[in-house]
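Visitor: Encoded as structure tokens, here's the structure I'll be asking about.
The values are calculated or read from the model by the stated rules, or taken from the named source; none is laboratory data. Being a predicted model, the structure only gives us computed values, none of them experimental. Here the Cβ is made from the backbone with ideal geometry for all residues, glycine too, and neighbour counts use every protein chain on show.
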Amino acid sequence: MRAVVQRVDGAKVVVDGETVGEIEGEGLCVLVGVTHGDNTDKAAQLARKLWSVRILEDEKSCSDVNAPLLVISQFTLYGDARKGRRPTWNAAAPGEVAEPLVDEVVDRLRALGARVETGRFGADMRVSLTNHGPFTLQIEV
């Protein structure tokens, strides 16, 4: 399971002109990709890491300051463009595997006490954010 995490001063996801998820103020925008062999244990591990990683202002975590997270599924994190001019998606888990695991990350974050907004799985999403720093980190579990 792979996540690209950005420290933000606000972020939102729009689908067909409708805002489906939005956070305001300091928080994290998290793109989550799922590969073959990922499972609920990996989802729980990722959720714990996202909740506790100290990348907010003054080396705080979301759990320290109750900062919100916007979690968005992103199968393209497992794209491979090393050969040719077209990426392949062979390493990305199919939707029927990936969707419940992304949902598990969200559920586990909420169980930890996090305020979580989400995108819409499989939709054509428009993501906008204000990256604070800029600060972007890749986390793999």
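Visitor: Which residues, counting only those in segment 20-55, are under 21 Å from PHE75 (Cα atoms), surrounded by fewer than 18 Cβ atoms within 10 Å (Cβ to Cβ) and touching a strand residue (DSSP E or B) at 6+ places or on another chain (Cβ under 7 Å)?
Guide: VAL20, GLU22, LYS49
Conditions tested, residue by residue: (1) surrounded by fewer than 20 Cβ atoms within 10 Å (Cβ to Cβ); (2) on the phi > 0 side of the Ramachandran plot.
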residue	(1), (2)
ALA91	yes, no
VAL102	no, no
LEU109	no, no
GLY113	yes, yes
PHE121	yes, no
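Visitor: Then there's this: Going by the structure shown, is ASP58 more than 20 Å from THR118 (Cβ to Cβ), at pLDDT 95 or above and either of a type outside the set (Lys, Arg) or part of a helix (DSSP H, G or I) (or both)? I'd like the intermediate steps shown before the answer.
Guide: Numbers: more than 20 Å from THR118 (Cβ to Cβ): yes; at pLDDT 95 or above: yes; either of a type outside the set (Lys, Arg) or part of a helix (DSSP H, G or I) (or both): yes.
Answer is yes for this residue.
Visitor: Looking at this structure, is LEU129 of a type outside the set (D, E, K, R) and under 14 Å from the mean Cα position of the chain (by Cα)? Don't jump to the end; show me each part of the working.
Guide: Numbers: of a type outside the set (D, E, K, R): yes; under 14 Å from the mean Cα position of the chain (by Cα): yes.
Judged against the criteria, LEU129 is a match.
Visitor: Suppose the filter is within 21 Å of ALA123 (Cβ to Cβ) and either part of a loop (DSSP other than H, G, I, E, B) or under 12 Å from the mean Cα position of the chain (by Cα) (or both); does LEU46 pass it?
Guide: Working: within 21 Å of ALA123 (Cβ to Cβ): no; either part of a loop (DSSP other than H, G, I, E, B) or under 12 Å from the mean Cα position of the chain (by Cα) (or both): yes.
Taking the combined requirement at face value, the residue does not satisfy it.
Visitor: Now a separate question. State all residues of segment 71-106 that are free of Cβ contacts under 8 Å to residues at least 60 places away in the same chain and under 13 Å from the mean Cα position of the chain (by Cα); if no residue qualifies, say none.
Guide: Step one: of segment 71-106, the residues free of Cβ contacts under 8 Å to residues at least 60 places away in the same chain are 71-73, 75-76, 79-96, 99-100, 103, 106.
Once the filter is applied, which keeps residues that are free of Cβ contacts under 8 Å to residues at least 60 places away in the same chain and under 13 Å from the mean Cα position of the chain (by Cα), segment 71-106 yields VAL71, ILE72, SER73, PHE75, THR76, GLU99, ASP103, VAL106.
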